[in-house]
1. Quick check on this structure: which one of 46, 38, 72 is touching a residue at least 12 places away in the same chain (Cβ under 8 Å) and either farther than 22 Å from residue 7 by Cα or not basic (Lys, Arg) (or both)?
2. Inside the stretch 1-17, can you point out the residues that are free of Cβ contacts under 8 Å to residues at least 40 places away in the same chain and either of a type in the set (D, E, K, R) or closer than 18 Å to residue 116 by Cα (or both)?
3. Could you pull out the residue among 62, 38 that is more than 27 Å from residue 126 (Cα to Cα), at pLDDT 90 or above, buried (at least 16 other Cβ atoms within 10 Å of the Cβ) and among the charged types (D, E, K, R)?
4. Taking the options 107, 98, name whichever one is out of contact with any Asp or Glu (no Cβ under 9 Å at 6 or more places or on another chain) and either acidic (Asp, Glu) or at pLDDT 95 or above (or both).
5. Buried (at least 16 other Cβ atoms within 10 Å of the Cβ) and either under 21 Å from residue 11 (Cα atoms) or among the basic types (Lys, Arg) (or both): which single residue out of 80, 120 fits that description?
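The values are calculated or read from the model by the stated rules, or taken from the named source; none is laboratory data. Remember, it's a predicted structure, so these values are computed and weren't measured experimentally. Methodologically, a virtual Cβ is constructed for each residue, glycine included, from the backbone with ideal geometry; neighbour enumeration extends over all protein chains shown.
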Amino acid sequence: MTTGKILGIAYNVIPVSNAEQSAAWFVNHFGFNIRQPREGYISLFRDNRPILDLIESDHDSRAVFQVKQKKRWVITFFTDDIVKLHTELTAGHVRVGKVSDEGIYGKFFTFEDLDGNLFDVWEHHDCELIY
């Protein structure tokens, strides 16, 4: 039975300076797979689930904004082992923030990709996440 309602987010689009270079970086650090590459536009998947579309931008805008002079992200990824992921990214020389334990809200850290797009990573075992 169909509902006609929003069921979730299909994928996120981020601006990059070089789609192929960015795609290789995400594949290397997160194990995403590349699907449907086009010139200047690459889709990244986790198995058959779309995650990110990387689109070459002719502008220097990035997926980040500010609140009270503090950089904020627009996309939060989730993980089942935030310490392991943080350790692996740190060893891979990815720009990462410290892991923050916010109690009932879960654990978090931020990281930046090659273009300075800012992302958040979240671990929480009491929420239903479909992946």
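1. Among 46, 38, 72, only 72 is touching a residue at least 12 places away in the same chain (Cβ under 8 Å) and either farther than 22 Å from residue 7 by Cα or not basic (Lys, Arg) (or both).
2. Selection gives 5 alone.
3. 62
4. That would be 98, the only listed residue that is out of contact with any Asp or Glu (no Cβ under 9 Å at 6 or more places or on another chain) and either acidic (Asp, Glu) or at pLDDT 95 or above (or both).
5. 120
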